[in-house]
Amino acid sequence: MPLEMRGHAVARALYDELREVLAGLSYTPALRVVRLGDDPASVSYTRLKDKRARELGMDSQVIALPASTSEAELLGLIDELNADDGVDGILVQLPLPEHVDEGRVIEAISPAKDVDGFHPYNVGRLWAGKETLEPCTPAGIIRMLDHYGIELEGREAVIVGRSNIVGKPLAALLLRRNATVTVAHSRTRDLAAVTRRAEVLVAAVGRPGFIGPEMVAEGAVLVDVGISRVGDELVGDIAPAAHEKSSAYTPVPGGVGPMTVAMLLANTVRAARRRRG
Ligand code: NAP
């Protein structure tokens, strides 16, 4: 039977660690989550981040602005949050409305408060192998693989998807752990031949059931980042039939998802400790 790697269990262990760290601090780390508009997925993600932060006893606030907020207004708010000594972490929920330049917004956030780890300064540090605020989903995946004792060193890892939030930073983290990393994408030729080489296969595509059993090697470790809504259900990128060939896999929902929020709070605590000494 393949091992089911459950994100809730790993996240719980991380929350316990964070609670201990927080109990030893003389201040309360503060997170500000900025959202433009009422996109249902963004509303639910920002609520969850805020709820988990408060449950840990952190100072958290969602700043919800209308979708019509101008880029200049948003940049002004970020300037204020950057300058506010009581704020440790700033997260702007993506995607942003089309009239706002995401890159400009990300670059406006102080790298020291960039708890999503998307600022080019932090991205550069990540690829240079330096200590940094690591993007939450990739960092959560590594944490989960460690928790379940999955060996990475020297292993063949294939990531399908090369986004700035998942595929690329995960490649950097897997390299740091001495895996041999391939990043595949929509222009990859003979994708199935590439994915069948993987001892650790990560799918971050956003297409339900995209990775079928014929694309998976016997005994591979499968990590499913994809979340798509199909009817009333949340569905991953990896078809359940492929799980049967694996040695370990993450379910959807309940796999990688819970780790993303947990790592965000870990990053907020890290940002606070670095900044406040
Ligand atoms: P994204 O920015 O849309 O990137 C998708 C990637 O998949 C791109 O690199 C794209 O290639 C590649 N792709 C698309 N079609 C392909 C094909 N036919 N063959 C091979 N590669 C293909 O997605 P993302 O933001 O990384 O998110 C991916 C999924 O993860 C989504 O379902 C998202 O909801 C989910 N997600 C989950 C979490 C979590 O916490 N669990 C966090 C973030 C994202 P090109 O670059 O060539 O276009």
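The values are calculated or read from the model by the stated rules, or taken from the named source; none is laboratory data. Keep in mind it's a predicted model, so treat the numbers as computed, not measured. Every residue, glycine as well, gets a Cβ built from its backbone with ideal geometry; the counts of neighbours run over all protein chains shown.
Residue by residue, here is whether (1) in contact with a strand residue (DSSP E or B) (Cβ under 8 Å, 6 or more places away or on another chain); (2) over 23 Å from residue 256 (Cβ atoms) holds:
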{"site": "94", "(1), (2)": "no, no"}
{"site": "107", "(1), (2)": "no, yes"}
{"site": "142", "(1), (2)": "no, no"}
{"site": "145", "(1), (2)": "yes, no"}
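For region 53-70: of the residues being in a helix (DSSP H, G or I) and out of contact with any helix residue (DSSP H, G or I) (no Cβ under 7 Å at 6 or more places or on another chain), which is farthest from residue 33 (Cα to Cα)?
From region 53-70, those in a helix (DSSP H, G or I) are 53-55; that's our starting set.
Remaining after also requiring out of contact with any helix residue (DSSP H, G or I) (no Cβ under 7 Å at 6 or more places or on another chain): 54-55.
Details: 54: 12, 55: 16 Å.
Restricting to residues being in a helix (DSSP H, G or I) and out of contact with any helix residue (DSSP H, G or I) (no Cβ under 7 Å at 6 or more places or on another chain), the top hit is 55.
Would you mention how many residues in region 120-135 are out of contact with any Lys or Arg (no Cβ under 8 Å at 6 or more places or on another chain), over 18 Å from residue 178 (Cβ atoms) and not in a helix (DSSP H, G or I)?
1
Could you list all residues from region 23-52 that are small (Gly, Ala, Ser) and part of a helix (DSSP H, G or I)?
Taking region 23-52 as the starting set, the residues that turn out to be small (Gly, Ala, Ser) are 23-24, 26, 30, 37, 41-42, 44.
The answer is 23, 41, 42, 44.
Test residue 128 against the stated conditions and say whether it is closer than 30 Å to residue 223 by Cα and at pLDDT 95 or above. Can you show your working first?
On the way: closer than 30 Å to residue 223 by Cα: yes; at pLDDT 95 or above: yes.
Taking the combined requirement at face value, the residue satisfies it.
Listed here are the residues, each with its yes/no results for (1) near the ligand (Cβ under 9 Å from one of its atoms); (2) assigned to a strand (DSSP E or B); (3) modelled with pLDDT under 95.
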| residue | (1), (2), (3) |
| --- | --- |
| 163 | yes, no, no |
| 178 | no, no, no |
| 186 | yes, no, no |
| 198 | no, no, no |
| 201 | no, yes, no |
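Looking only at region 226-268, which residues are among the acidic types (Asp, Glu) and either more than 16 Å from the ligand (Cβ to nearest atom) or surrounded by 22 or more Cβ atoms within 10 Å (Cβ to Cβ) (or both)?
Listed by number, the residues that qualify are 232, 237, 244.
Looking at (1) farther than 30 Å from residue 86 by Cβ; (2) buried (at least 17 other Cβ atoms within 10 Å of the Cβ); (3) touching a strand residue (DSSP E or B) at 6+ places or on another chain (Cβ under 6 Å), which is the only condition residue 271 fails?
Answer for residue 271: the failing condition is (1).
Identify the residue in region 152-199 that is surrounded by fewer than 22 Cβ atoms within 10 Å (Cβ to Cβ) and hydroxyl-bearing (Ser, Thr, Tyr) and, among all such residues, is nearest to the chain's Cα centre (by Cα).
My answer is 163.
Determine which member of the set 80, 98, 20 is part of a loop (DSSP other than H, G, I, E, B), surrounded by fewer than 14 Cβ atoms within 10 Å (Cβ to Cβ) and charged (D, E, K, R).
Only one candidate passes the filter, namely 98.
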